[in-house]
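Since the structure comes first, as structure tokens, the remarks are kept for the end.
The values are calculated or read from the model by the stated rules, or taken from the named source; none is laboratory data. Since this is a predicted model, take the numbers as computed values, not measurements. Cβ coordinates were reconstructed from backbone atoms using ideal geometry, including for glycine residues, and neighbour counts include every protein chain displayed.
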There are 2 protein chains.
Amino acid sequence: MDPTVLPNYFKLFNEIGIIEQLSRNFLEAQLPDGLIAPHFVVLNHLIRVKDGQTPLDLARAFQVPKTTMTHTLGGLEKRGLVEMRPNPKDARSKQVWLTASGRGVRDDTIARLGPKFLEVSHTIPPDRIGAILPVLEELRIYLDAARDR
Amino acid sequence: MDPTVLPNYFKLFNEIGIIEQLSRNFLEAQLPDGLIAPHFVVLNHLIRVKDGQTPLDLARAFQVPKTTMTHTLGGLEKRGLVEMRPNPKDARSKQVWLTASGRGVRDDTIARLGPKFLEVSHTIPPDRIGAILPVLEELRIYLDAARDR
DNA sequence: TGCATATAGTACAATATCGTACTAACTAAT
DNA sequence: ATTAGTTAGTACGATATTGTACTATATGCA
């Protein structure tokens, strides 16, 4: 590899780190009271993919330790946004189901974010987003696979 | 905006969130014992930009609360990787200077990361990185500016 | 100069993240 | 059926992050 491009890989992860932080703060500003990004991300995932998944499924989906997911789900449950039920297929396990309130919080937040993204699109138009998305997806898939090697 | 592209903005931040987490875990696997990503990021910044900056400078550079930076610097100081000196220009303030050991830890880590990035480059070649970097930079600058509005 | 206000850093408390160790339940191989 | 090994979830403790409140110092302005 041309040595002059190596720094670009550092730069890439650096930019991603900063953007992640800024966008997380941004998201959390739109969330009700005690909710933080991981809460929303789980709610969103349960709607986008499906609910009824196990805590371990969710921990794997977000690459967090299962103890972290236990804690996050505890917060969602305490606020009545998800409901934990026993897993009929495995007595060790549980299933995470959305409540109407949980769907409401997610939908309200999405609705608040829409106009924000519209503002972003004035600076970074959709075609530029469309251009970088495939690369990011590929990078994510690569890193995910490289994780357990 | 064409309503079909709005989801791409969600996807973008979602991918960035996952990549950040994967790359952070990746970095931390290369760090010595008790060090975590924020420690390294500060060391790296002190070398890339300059040392002798104040804790508040650093907190602003990384968009973290100053209390967080106090804590991170405490960890670096405890391990002898940075040295805190009084700021001759302001008696309220301090300056953060790298120690030889701090430079060593950073350099060793960079050296370990090089081959890893080389591996990444086999899947995501430099020209694709070069293509997305400007967009990410622009996005970071936009979000940074949008923060206090 | 004197004083109101702003700023740099820290102490402390609340919550988040995560590793270790544990229990209960499942699986596989005999 | 028994049992060794595996897996799902949690309890607990260590450390990280962040908001609030405080102290010391600096700055601006009458």
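If the condition is being more than 9 Å from every other protein chain (Cβ to nearest Cβ), under 30 Å from A:ILE124 (Cβ atoms) and at pLDDT below 90, then the range B:7-51 contributes only B:PRO7. Does A:GLU83 qualify as being within 12 Å of DNA strand D (Cβ to nearest atom), over 16 Å from the mean Cα position of the chain (by Cα) and either in contact (Cβ under 8 Å) with a residue 40 or more places away in the chain or under 14 Å from A:THR99 (Cα atoms) (or both)? No: the conditions fail for A:GLU83. Being modelled with pLDDT of 95 or more, over 18 Å from A:ILE18 (Cα atoms), away from DNA strand D (no atom under 16 Å from the Cβ) and more than 9 Å from chain A (Cβ to nearest Cβ) is a property that B:ALA91 lacks.
So which residues in the range A:23-51 are of a type in the set (Val, Ile, Thr) and surrounded by 16 or more Cβ atoms within 10 Å (Cβ to Cβ), if there are any at all?
Just the residues of the range A:23-51 that are of a type in the set (Val, Ile, Thr), to begin with: A:36, A:41-42, A:47, A:49.
Answer for the range A:23-51, where residues must be of a type in the set (Val, Ile, Thr) and surrounded by 16 or more Cβ atoms within 10 Å (Cβ to Cβ): A:VAL41, A:VAL42.
I'd like the residue in the range B:52-63 that is without any contact (Cβ under 8 Å) to a residue 24 or more places away in the chain and within 14 Å of chain A (Cβ to nearest Cβ) and, out of all such residues, is surrounded by the fewest Cβ atoms within 10 Å (Cβ to Cβ). Steps first, please.
Looking only at the range B:52-63, we keep the residues that are without any contact (Cβ under 8 Å) to a residue 24 or more places away in the chain, and these are B:57, B:59-61.
Narrowing further to those that are within 14 Å of chain A (Cβ to nearest Cβ): B:59-61.
Values: B:ALA59: 18, B:ARG60: 13, B:ALA61: 15.
Out of the qualifying residues, it is B:ARG60.
Residues that are within 15 Å of DNA strand C (Cβ to nearest atom) and touching a residue at least 12 places away in the same chain (Cβ under 8 Å) within the range A:91-110 comprise A:SER93, A:LYS94, A:GLN95, A:VAL105, listed in sequence order.
On the basis of being in a helix (DSSP H, G or I) and more than 10 Å from DNA strand C (Cβ to nearest atom), does B:ASN8 make the cut?
Working: in a helix (DSSP H, G or I): yes; more than 10 Å from DNA strand C (Cβ to nearest atom): yes.
So B:ASN8 fits the description; yes.
Out of B:LEU143, B:LEU73, one residue alone is in contact with a Leu (Cβ under 9 Å, 6 or more places away or on another chain), closer than 27 Å to A:SER23 by Cα and within 14 Å of chain A (Cβ to nearest Cβ). It is B:LEU143.
Could you look through the range B:13-37, keep only residues that are of a type in the set (A, V, I, L, M, F, W, C) and without any contact (Cβ under 8 Å) to a residue 40 or more places away in the chain, and pick out the one that is nearest to DNA strand D (Cβ to nearest atom)? Break it down stepwise before answering.
In the first step, residues of the range B:13-37 are kept if they are of a type in the set (A, V, I, L, M, F, W, C); the result is B:13, B:16, B:18-19, B:22, B:26-27, B:29, B:31, B:35-37.
Still in the running and without any contact (Cβ under 8 Å) to a residue 40 or more places away in the chain: B:13, B:16, B:18-19, B:22, B:29, B:36-37.
On the way: B:PHE13: 16, B:ILE16: 16, B:ILE18: 18, B:ILE19: 17, B:LEU22: 16, B:ALA29: 15, B:ILE36: 5, B:ALA37: 7 Å.
Across the range B:13-37, the extreme among qualifying residues is B:ILE36.
Within the range B:86-102, being surrounded by 10 or more Cβ atoms within 10 Å (Cβ to Cβ) and part of a loop (DSSP other than H, G, I, E, B) holds for B:ASN87, B:ASP90, B:SER93, B:THR99. Scanning the range B:38-71 for residues that are in a loop (DSSP other than H, G, I, E, B) and within 14 Å of DNA strand D (Cβ to nearest atom) yields B:THR54, B:GLN63, B:VAL64, B:PRO65.
Can you tell me which residues in the range B:111-130 are free of Cβ contacts under 8 Å to residues at least 60 places away in the same chain, assigned to a helix (DSSP H, G or I) and more than 7 Å from chain A (Cβ to nearest Cβ)?
Of the range B:111-130, the ones free of Cβ contacts under 8 Å to residues at least 60 places away in the same chain are B:111, B:114-115, B:117-130.
Going one step further and asking which of them are assigned to a helix (DSSP H, G or I), we end up with B:111, B:114-115, B:117-123, B:126-130.
The answer is B:ALA111, B:PRO115, B:GLU119, B:HIS122, B:ASP127.
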